[in-house]
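> Sharing a structure, written as structure tokens. Questions coming.
The values are calculated or read from the model by the stated rules, or taken from the named source; none is laboratory data. Just so we're clear, the structure is a prediction, and the values are computed from it rather than from any experiment. As a convention, Cβ positions derive from the backbone with ideal geometry for all residues, glycine included, and neighbour counts pool all protein chains shown.
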Amino acid sequence: MTVTAHAASASSLQAALGAELEHLRREGLYRDRACLEGPQGARVQLGSREMVSFASNDYLGLAADPRIAAAARAGAERFGVGAGASHLLYGHHRLHHELEETLADFVGFPRALLFSTGYMANLGTVTALCGRDAEVFADKLNHASLNDAMQLARARFRRYPHVDLDALERALARSSARRKLIVTDAVFSMDGDIAPVPELLALSERYDAWLLIDDAHGFGVIGAHGAGTLSHFAVRSERLIYMGTLGKAAGVFGAFVAADAPIIDYLVNRARTYIYTTAMPAMLVAALAESLRILRSEDGRRAHLSRLIAMLRSGIRTGDEKLLASQTAIQPLVIGEAADAVRRSQALAERGLLVPAIRPPTVPRGAARLRISLSAAHHVEDVEHLLAALRETAR
């Protein structure tokens, strides 16, 4: 192919991408990024404006906590800023080992394993445990990382309607797979509801399956001292595999998987997203150790957050909109069409409030919404401001 032909081919590819982007703009689905000027928190600096943010997963207000920042600085001064190698090639530090032990004890499992992100934890766990002879059963509203993990595992997979236990049981009963895995969000990231974990566990025991719980939005927020959804329901089983993230309520970065010792040992040897990546820097592990200490000891943060949730739910007035039945920090107000949700989000921004519009494909068509995320760092006055602005901007 000549240089001219190459250029023509590249030009046509770019034109096709441009047309797709223009379609996204017309449908109200185009996304771009805003740049913060300072730390994450209930109040953020966006350009020259200070805004009250209801857009973050920093549920306990720890992302800019000075004690955690001090622990990170001390860790950097003592251990440097990079791990330099993967865990299996001498990047595994004593701090990693100690934090894994602390996390395992906190959530009630024999062992835990640190991952760099929740996405990597889900991909690594599902692909390690499930091959072509396995079958995965997944709630239709699961996080994208679980859906991607199923496809990368090359296992058979079935997605059941949201929390439809009868449909799940029928699928499990039909399965002849040698290995079965049920995967579910614990707190669903766009609806805010909590999975029926005890009933899911009962099905896993009845049909000889593992149950993987993605507690990204529950760890640190619900359960005894923030120990998560399994603590909330007081369930334990050898069939459980628990994933928690450390960049949301914990305010720092990373994730972990907790389970019985043979499962963790297997992941160390087979989870590609653990084996083939540089270990988390020790300075961040030092920050996480301090974060976990605060998270476990300051129950007042969760109590304040619960009061704000109740205040928002009792104060919101819905007409054509629908406030979903969530008792967690995620409070979704369904608007309907994507363009309408974007316009409503922009109207709130004009009033100094950051409330993101969530659109397809993240949520179904016709179910675009405002995803209101509450934090223990919010004040009562912040929620009052939001309620007044929602009334002002209602259709």
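> Hey, VAL52 hits all of (1) crowded, with 22+ Cβ neighbours inside 10 Å; (2) over 23 Å from ASN269 (Cα atoms); (3) within 21 Å of the chain's Cα centre (by Cα); (4) not small (Gly, Ala, Ser) but one; which does it fall short on?
Only one criterion is unmet by VAL52, namely (3).
> Test SER53 against the criterion of being hydroxyl-bearing (Ser, Thr, Tyr) and touching a Leu at 6+ places or on another chain (Cβ under 7 Å), and give yes or no.
yes
> Still on this structure: Looking at ARG154, ARG174, ARG170 in this structure, which one is surrounded by fewer than 22 Cβ atoms within 10 Å (Cβ to Cβ), in the same structural domain as SER204 (by TED's automatic domain parsing) and touching a helix residue (DSSP H, G or I) at 6+ places or on another chain (Cβ under 9 Å)?
None of the others qualify; the one that does is ARG154.
> Which count do you get for residues in region 77-95 that are touching a His at 6+ places or on another chain (Cβ under 8 Å) and crowded, with 19+ Cβ neighbours inside 10 Å?
Matching residues across region 77-95 total 2.
> Filter region 78-110 for residues that are hydrophobic (A, V, I, L, M, F, W, C), over 24 Å from the mean Cα position of the chain (by Cα), part of a loop (DSSP other than H, G, I, E, B) and more than 15 Å from THR277 (Cα to Cα) and give the result.
VAL81
> If the requirement is being of a type in the set (A, V, I, L, M, F, W, C) and in contact with a His (Cβ under 9 Å, 6 or more places away or on another chain), which of these qualifies: VAL235, VAL252, VAL285, VAL257?
None of the other options fit; the residue is VAL285.
> Would you check which residues across region 222-239 are touching a strand residue (DSSP E or B) at 6+ places or on another chain (Cβ under 9 Å) and more than 12 Å from ALA186 (Cα to Cα) and list them?
Result: SER237, GLU238, ARG239.
Conditions tested, residue by residue: (1) free of Cβ contacts under 8 Å to residues at least 24 places away in the same chain; (2) farther than 27 Å from MET190 by Cβ; (3) not in a helix (DSSP H, G or I).
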site	(1), (2), (3)
ALA34	yes, no, yes
GLU50	no, yes, yes
ALA55	no, no, yes
LEU60	no, no, yes
ALA63	no, no, yes
ARG67	no, yes, no
GLY75	no, yes, no
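> Name the residues in region 232-257 that are farther than 19 Å from GLY118 by Cβ and touching a Leu at 6+ places or on another chain (Cβ under 8 Å), would you?
VAL235, ARG236, SER237, ARG239
> Let me ask another. Which is in contact with a strand residue (DSSP E or B) (Cβ under 8 Å, 6 or more places away or on another chain), in the same structural domain as ALA195 (by TED's automatic domain parsing) and at pLDDT 95 or above, of ALA121, ALA128?
Step by step, each of ALA121, ALA128 is checked, and only ALA121 is in contact with a strand residue (DSSP E or B) (Cβ under 8 Å, 6 or more places away or on another chain), in the same structural domain as ALA195 (by TED's automatic domain parsing) and at pLDDT 95 or above.
> Which of the residues belonging to region 327-356 are touching a Ser or Thr at 6+ places or on another chain (Cβ under 7 Å) and over 21 Å from LEU308 (Cα atoms)?
Residues satisfying the conditions are ARG344, ALA347.
> Check every one of the helices (runs of 4 or more DSSP H) wholly within region 263-375 and list those with 3 or more residues that are more than 30 Å from GLY84 (Cα to Cα) and not small (Gly, Ala, Ser).
Answer list for region 263-375: 299-315, 338-350.
> Right, here's the next one. Of all residues in region 204-256, how many are crowded, with 24+ Cβ neighbours inside 10 Å, closer than 29 Å to ALA69 by Cα and free of Cβ contacts under 8 Å to residues at least 60 places away in the same chain?
3
> Go through region 344-395 and report how many residues are among the β-branched types (Val, Ile, Thr) and more than 24 Å from the chain's Cα centre (by Cα).
Final tally of qualifying residues: 2.
> Hey, another quick one. Out of (1) outside the structural domain of LEU292 (by TED's automatic domain parsing); (2) over 30 Å from ALA224 (Cβ atoms), what's the single condition that is false for SER86?
All conditions are met except number (1).
> Oh, and also: Would you mention how many residues in region 131-144 are more than 22 Å from SER231 (Cα to Cα), modelled with pLDDT of 95 or more and not small (Gly, Ala, Ser)?
Looking only at that region, the number is 5.
> Could you list, ordered by first residue, the pairs with Cβ atoms under 7 Å in which the first is in region 296-311 and farther than 27 Å from LEU390 by Cβ and not assigned by TED's automatic domain parsing to the domain that holds LYS248 and the second is part of a helix (DSSP H, G or I) and of a type in the set (Val, Ile, Thr), at least 6 apart or interchain?
Cβ pairs passing all conditions: none.
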